[in-house]
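The values are calculated or read from the model by the stated rules, or taken from the named source; none is laboratory data. Here the structure is a predicted model, which means the values were calculated and not measured. Every residue, glycine as well, gets a Cβ built from its backbone with ideal geometry; the counts of neighbours run over all protein chains shown. Ligands, DNA and RNA are stripped out before the accessible areas are found, and what is left, the full protein with its side chains, is counted by its heavy atoms. Shrake-Rupley method; radii C 1.70, N 1.55, O 1.52, S 1.80 Å.
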Amino acid sequence: MTLSFSEFQAIVMAGGKGSRMTELTAENPKSLLPVGNLPLLWYPLQLLERSHFQDAIVVVAETFKAEMQSTYEQYSQGKNKLSIKVEFIGIPAVDDWGTADSLRHLYESNRIKRDVVVVSCDLITDINLINVLDLFRKHNSSLTSLFFAGGIPKYTSIAPGSKEKKPERDLIGIDPVTSRLVLVASSSDYDNELPLSQALLRKHGKVQIHSKLLDAHLYIIKHWVCQYLATNKSISTIKGELLPYIVKKQMASKVASDGNKQETEKNIDSSDLKTDINSLSKEDDWLKKIRDMSSYNDHTGDWFAPYHGDHIRCYAHIESEESFGARVNTVSAYCYVNREMKKRWSSITKQQPEQPNAEASDQPDQPLKGAAKDLAETCLISDQVEISPRTHIISTNIGADSKIASKSKIINCIIMPGVKIGEKCDLKNCIIFDEASVEDECSLADCIVGKRFIVPTKERQKSKVLTDIDHLMEI
């Protein structure tokens, strides 16, 4: 029997500009950056497909909608073809448009009919979503978030280009018995002490505070929360504004909810009304009756009703450290994930990696040795790649139609489609964009080479971003 989550709508947020990795996104939409020689957007869609979703909405900037659609169709063919039905929805390309604004736009344009699963386009993972979906269903959750216990990976190499800021750590409070998400805050907001209210501690006798979880930016959200966004235009982002707000509102009393309900229903269509969120969070009467008739309770230690009578309930699902999860939201993360793709290819894509067909061995029927073995075991090679003999390539992804001349040494690099690399080049920890050319005897370390840029013969550079300003798109 094939599972199908027909009660959910899947939404992939792919309209961001990649503000934390502008060295890479100045010339390319973030969601089209190649990871393992496939566009970044392919991975969240493949995640949804293997989690038995049949269709998805992809939110993109209107200016890149045609390019996104054509690139996705180009790469979603053959062994990489996805059966999930994808609809691209354009949003205005404005600087201050956040993920909650995009969700509000979909709701107001009558695109959202059911509860939604919101996935960031930069999430790459090997898990199936059934566990987090079941947590949402089990407790009739208002909002459920996904986290990874492994935390943010420790990058072992220097990122190409400029130095990056150290990311802020989140403080995530979770009831270990019920998985209720009770606190979302930034560590930068507190010095040495984190105050917790007595009401929270009375309701949740034990709260674990996590500071090293990786937030997947994957949220399962009730339909009425989207309705609330339509009435409160001040909330712009899901992670930074909507999630902390709803988590805090869990502490609101049932009395407050009942008191506001009648007035809100009477004025719900008023354009200047900021509806109280409690008034929209009413549970289905049948669910409540069934729970009242049963002996079920989500907690122990007191005589309070299940969920302490809360209408608003937020939950957190933490995947184990054995699961792989990463967000491609910095240059360091982009390089890290690309280097991990060779060994994790099968677990993430559910495909077997193909052996490179480049001319790396003069005796193809013999066991691979030396440079040819390194190429086969550590590199991902696309179609129509020409690699001359006497090259040494390790831990490098090479895009389609690229050409690498003899006697070159390439280590820990990302080479995009159509790149030409001359003879006797030495490249370490570099990102080479589409159709760039690195002429003979160049030595580059920790560099980013822009689209169609030509690095002249015998050039020596380290930790530089090499681009042709004429080919930069506006950002």
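Tabulated data
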item: Viscosity 0.890 mPa s, temperature 25 °C, Stokes-Einstein D of the chain from Kirkwood C-alpha radius, µm²/s; result: 101 µm²/s
item: Positive-end extreme of charge dipole, the chain - chosen from S402, I172, I127 (charges on Cβ); result: I172
item: Share antiparallel - DSSP beta bridges, the chain, percent rounded to 5; result: 30 percent
item: Exposure rule at most 11 other beta-carbon atoms within 10 Å, DSSP loop GluC sites (Glu not before Pro): the chain longest free segment; result: 8-167
item: Positive-end residue, region 58-136 charge dipole about Cα centroid, Cβ charges, pick of V59, G90, Y72; result: Y72
item: Selection from Q351, V182, N338 lying farthest towards where the dipole of the chain points positive, charges on Cβ; result: V182
item: Sparsely packed trypsin sites (Lys or Arg not before Pro) within region 314-352, loop by DSSP, other Cβ within 10 Å at most 12; result: K350
item: For V455, distant residues with modelled amide H under 5 Å away; result: S437, V438, E439
item: Probe 1.4 Å, all protein chains present, accessible-area order of R104, R452, R50, largest first; result: R452, R50, R104
item: Cα-based shape type of region 1-155, given that a ≥ b ≥ c are square roots of the gyration tensor eigenvalues and the cut on a/c is 1.5; result: rounded
item: Surface accessible to a 1.4 Å probe, L194 within the full protein complex, Å²; result: 50 Å²
item: Separation in nanometres of the label points that stand 7 Å from Cα toward Cβ, at R452 and K113; result: 4.4 nm
item: Per-residue ³J(HN,Hα) for region 118-135, Karplus 6.51 cos²θ - 1.76 cosθ + 1.60, θ = phi - 60°, Hz, x for Gly and Pro; result: 9, 10, 6, 5, 9, 8, 10, 8, 9, 7, 9, 7, 4, 5, 6, 5, 5, 4
item: Region 1-100: antiparallel DSSP beta bridges as a percent of all, rounded to 5; result: 15 percent
item: Pairs of Lys in region 44-158 closer than 25 Å at Cα, counting only those 8 or more apart or on different chains; result: 6
item: Unit charges on C-beta of K, R, D, E only; dipole of the chain, Debye; result: 880 debye
item: Label point distance in nm, K248-K289, each placed 7 Å from Cα along Cα→Cβ; result: 3.7 nm
item: Vicinal HN-Hα couplings computed from phi for region 38-55 (Karplus, 6.51 cos²θ - 1.76 cosθ + 1.60; Hz; Gly/Pro x); result: 10, x, 3, 4, 4, 6, x, 5, 5, 4, 5, 5, 6, 8, 6, 8, 9, 8
item: Exposure ranking of Y315, Y245 by accessible area [1.4 Å probe, largest first]; result: Y245, Y315
item: Helix-only CD estimate at 222 nm, as mean residue ellipticity for the chain, using -39500 (n - 2.57) per DSSP H run (n ≥ 4); result: -7000 deg cm²/dmol
item: Length-normalised contact order for region 162-232 - Cα pairs under 8 Å, 6+ apart - percent; result: 33 percent
